[in-house]
Amino acid sequence: MSELTSTTALRATMDAYYRSLADAALRKTAPVAWCTSVGPAELLRALGFAVHFPENHAAIMGAARTANRYLPLAHAQGYSQDICSYLTSDIGAYLAGESPLEAYGLERAPAPDVLVFNTNQCRDVRDWFEWYGRELGVPVLGLHSPRAIDDVTESDIDAVTMQLEALVAPLEQVAGTRLDDARLRAAMRASRDTAGLWGACLETASARPAPLTFFDGSVHMGPAVVLRGSDDAPAYYRTLLAELEQRVENRVGAVPAETLRLYWDGMPVWGRLRALSTMFAEFRTAVVASTYCNSWAFSGLDPAEPWRSVARALLELFIARSEAPKERYIARMVEFYDVDGVIFHDCRTCSNNSNTRYGMPGRITERLGIPTLVLDGDVNDLRCFSDEQARTNIEGFVEQLTDARAATSARGSR
Amino acid sequence: MNYYAGVDSGSWTTKAAVIDGEGHVLGTAVTRSGADLTAAAERAYEMVLANSGRTRADIEAVWSTGFGRNTIPFADGSRTELDCHGRGVAHYIKGPLVVVDIGGQDAKVIRLDAAGHRLSHRMNRKCAAGTGSFLDEIALRLGIDIGDLNALGRGATENLELSSFCTVFAGTELLTLIRSGKRPADLAMAAYRSLVKRIVAMDVLEGRIAPTGGVVAYHPIMVELIGAACRGEVVVPPHPQEIGAFGAALAALAACETQDIADTSDTAELVQP
Ligand code: SF4
């Protein structure tokens with residue numbers, strides 16, 4: 001597996017972001033807002049906030065495999081082992097007085113002036129932010145977005161639009177400035193371009209061989225998450241897209257001798273991202289697409305209609321939907337990326353992003369005639385992941401798909 | 001005649017089998033895995049060679065399977081236990097069928113189509129409930145040898161329930177029942193029923209069901225209880241504990257046959273003008 005050369009630009013982009021965040025927190029160059037990963041980031045940027053994303057902070061601890069050091073500290077506060085391990089690792093790290101951003105001079109996550117959540121993804125983010133609100137005495141604001149939506153209706157959009165507009169006054173007060181329309185439109189343009197370019201990057205994986213995998217995507221999506229509304233994100237994705245298109249043209253695959261193609265639903269297992277990437281490559285299997293990476297390829301962001309278009313985009317997200325639209329979405333992905341099977345990660349501490357618990361894998365197999373596999377694990381808590389069991393599960397699935405293909409071609413050649 | 005071998009390196013026991021080119025079993029062996037899986041595999045292989053009256057030189061290929069499949073230096077290839085259990089059972093029993101393998105430390109449900117090809121599989125979470133170690137824990141609490149649990153369960157007269165989800169809690173629940181004067185035979189049977197409940201919750205068990213694994217081999221009561229709990233016909237394949245090793249031997253045989261075809265087609269290509 002050869003690494004994408006854009007990784008250097010990715011590092012520089014993320015580095016600049018963390019540096020500006022540290023500057024805001026330590027040298028007070030800008031007010032600091034914390035935001036959930038699919039919250040109203042454009043609004044915060046337009047108001048001049050430096051925006052910190054606790055989920056990103058937690059994911060770094062997951063990837064660095066330090067999360068398990070912090071989890072018990074949050075559990076001891078009464079935050080259960082069964083709830084979001086992003087939340088428990090992040091709060092645990094705070095209690096330990098540590099942060100993975102130490103290299104930027106931050107001993108702890110950058111001190112916030114305001115915390116802004118959106119319940120479109122889960123309730124955990126609200127409980128998470130409210131813990132900090134109590135601990136640090138800072139205001140906690142949020143969007144109380146509906147969940148498990150069938151079709152997004154005008155009245156859903158009205159409700160979230162009104163809530164977004166209602167955030168402006170209290171946020172202006174914290175920021176000490178008025179919201180400027182031109183800045184909001186500029187943030188929306190950057191966000192729309194980021195979403196479009198990121199989406200285009202992911203779509204290159206429909207090529208055979210795929211130039212990137214879900215594991216690459218989980219790393220390269222950083223700017224799409226933390227730099228929404230900033231011009232640095234589209235700049236990075238132009239670089240990445242050019243490299244991916246070049247790979248497609250030269251038929252360079254992310255996985256050497258790609259044989260099988262899979263779709264991944266659910267969270268990554270951050271502490272095993274590289275191990276899983278290597279294992280799938282060993283099986284000449286490319287995990288070409290995922291619900292997770294696609295979640296930041298928002299559609300329909302419109303600078304001319306900032307409020308309603310953001311409201312719609314946040315409501316239309318996969319995670320906020322009911323089973324039927326989720327299944328239709330996966331069906332479209334399976335067809336577009338032409339995959340041989342679907343892996344569903346049953347993330348022990350995140351029921352919101354585990355689509356395994358109400359029968360979906362079975363229904364997908366039945367409707368699409370495509371094999372599915374349920375993999376037990378967790379986003380950050382490695383105690384919920386067994387390397388041996390995962391290997392047997394995945395290897396067994398690869399054997400099954402390979403044998404099925406051999407049987408089909410044997411029938412065809414007869 | 002060519003011979004083939006399979007070694008199933010499980011977390012609890014290591015099994016081995018030797019077959020001939022027609023898939024007939026010449027011998028099997030079982031040994032404790034212990035901490036050194038490689039040594040256990042060596043031991044099992046030596047034992048099965050002795051049991052089948054063969055030497056290493058007689059064996060065309062050895063394939064490995066199971067938890068420790070990648071720790072066996074003398075293996076020529078490997079397949080997962082999901083593949084080998086399915087393969088082994090499908091050799092004896094016509095599909096479509098559902099293989100229910102209950103091992104010492106895990107349980108699996110494997111679905112096969114009419115041709116014996118795998119359709120899907122499910123593995124239990126990493127938890128002792130629903131596996132053979134649950135029965136070990138119960139035998140320990142009852143103060144009897146695990147080998148006597150089946151006979152004890154046969155004497156049950158009262159229909160007791162163990163309601164706990166977890167092996168440790170079931171153990172303490174058992175102690176409470178013992179103190180309240182319940183009979184060990186009824187408790188043994190309650191433990192079997194509890195295990196079966198976990199197994200039938202793993203997947204829909206219908207049609208032809210083939211239980212395999214050490215638990216089935218040593219606890220025939222389990223087969224009866226699975227039969228009673230499912231809508232289907234329960235068929236136990238020969239040597240259910242060594243079925244994975246047998247499947248690995250079949251995989252070795254299949255690989256050699258494919259190799260032979262590849263070899264002859266290479267030759268055919270060479271003689272083409
Ligand atoms: S969606 Fe899941 S992983 Fe993300 S914050 Fe909510 S509970 Fe945690």
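Residue-level check: of (1) surrounded by fewer than 21 Cβ atoms within 10 Å (Cβ to Cβ); (2) within 16 Å of the ligand (Cβ to nearest atom); (3) not in a helix (DSSP H, G or I), residue A:370 misses just (2). Please verify whether residue A:305 is within 14 Å of chain B (Cβ to nearest Cβ), acidic (Asp, Glu) and open to solvent by 40 Å² or more (accessible area, probe 1.4 Å), treating the condition exactly as stated. Criteria not met by residue A:305. Residues in region A:93-103: is at least one crowded, with 18+ Cβ neighbours inside 10 Å and part of a helix (DSSP H, G or I)? The answer is yes, given that some residue of region A:93-103 is crowded, with 18+ Cβ neighbours inside 10 Å and part of a helix (DSSP H, G or I).
Restricted to region A:337-367, and to residues there that are out of contact with any Phe, Trp or Tyr (no Cβ under 7 Å at 6 or more places or on another chain) and facing chain B (nearest Cβ under 10 Å), the residue that is nearest to the ligand (Cβ to nearest atom) is A:348. Among residues of region B:114-149 being open to solvent by 60 Å² or more (accessible area, probe 1.4 Å) and of a type in the set (Asp, Glu), the one that is nearest to the other protein chains (Cβ to nearest Cβ) is B:145. A search for C-beta distances below 7 Å between a residue of region A:324-349 that is under 11 Å from residue A:370 (Cβ atoms) and any residue that is part of a loop (DSSP other than H, G, I, E, B) and open to solvent by less than 40 Å² (accessible area, probe 1.4 Å), counting only pairs 6+ apart in sequence or on different chains, returns A:334/A:370; A:341/A:370; A:341/A:371; A:342/A:370. Filtering A:248, A:269, A:219, A:287 for residues that are over 30 Å from residue A:157 (Cα atoms), more than 16 Å from the ligand (Cβ to nearest atom) and touching a strand residue (DSSP E or B) at 6+ places or on another chain (Cβ under 9 Å) leaves a single hit, A:287. Restricting to region A:374-386, and then to whatever is at the interface with chain B (Cβ under 8 Å from one of its Cβ atoms) and touching a strand residue (DSSP E or B) at 6+ places or on another chain (Cβ under 6 Å), can you tell me which residue is surrounded by the fewest Cβ atoms within 10 Å (Cβ to Cβ)? Among those residues, the one meeting the criterion is A:376. Checked against (1) more than 30 Å from residue A:68 (Cα to Cα); (2) surrounded by fewer than 21 Cβ atoms within 10 Å (Cβ to Cβ); (3) within 11 Å of chain B (Cβ to nearest Cβ), residue A:389 passes all but a single condition, namely (1).
Only one of the listed residues (B:228, B:217, B:248) is in contact (Cβ under 8 Å) with a residue 12 or more places away in the chain, part of a helix (DSSP H, G or I) and surrounded by fewer than 24 Cβ atoms within 10 Å (Cβ to Cβ). That residue is B:217. Looking across region B:38-81 at every residue that is free of Cβ contacts under 8 Å to residues at least 60 places away in the same chain and within 14 Å of chain A (Cβ to nearest Cβ), the one that is farthest from residue B:103 (Cα to Cα) is identified as B:70. Assess whether residue A:401 counts as being in contact with an Asp or Glu (Cβ under 7 Å, 6 or more places away or on another chain), among the aliphatic types (A, V, I, L, M), within 16 Å of the ligand (Cβ to nearest atom) and not in a loop (DSSP other than H, G, I, E, B). Judged against the criteria, residue A:401 is not a match.
Taking the criterion of being part of a helix (DSSP H, G or I) and either among the aliphatic types (A, V, I, L, M) or open to solvent by less than 50 Å² (accessible area, probe 1.4 Å) (or both), the residues of region B:39-63 that qualify are B:39, B:40, B:41, B:44, B:45, B:47, B:48, B:49, B:50, B:52, B:57. If only residues of region A:122-147 that are open to solvent by less than 20 Å² (accessible area, probe 1.4 Å) and either part of a loop (DSSP other than H, G, I, E, B) or of a type outside the set (A, V, I, L, M, F, W, C) (or both) are counted, the one that is farthest from the ligand (Cβ to nearest atom) is A:133.
The values are calculated or read from the model by the stated rules, or taken from the named source; none is laboratory data. Every value quoted in this text rests on a predicted model; they were computed, and no experiment measured them. Cβ atoms come from the backbone with ideal geometry, glycine included; neighbour counts cover every protein chain shown. Please note that ligands, DNA and RNA were not included when accessible areas were found on the heavy atoms of the full protein model with its side chains. Shrake-Rupley method; radii C 1.70, N 1.55, O 1.52, S 1.80 Å.
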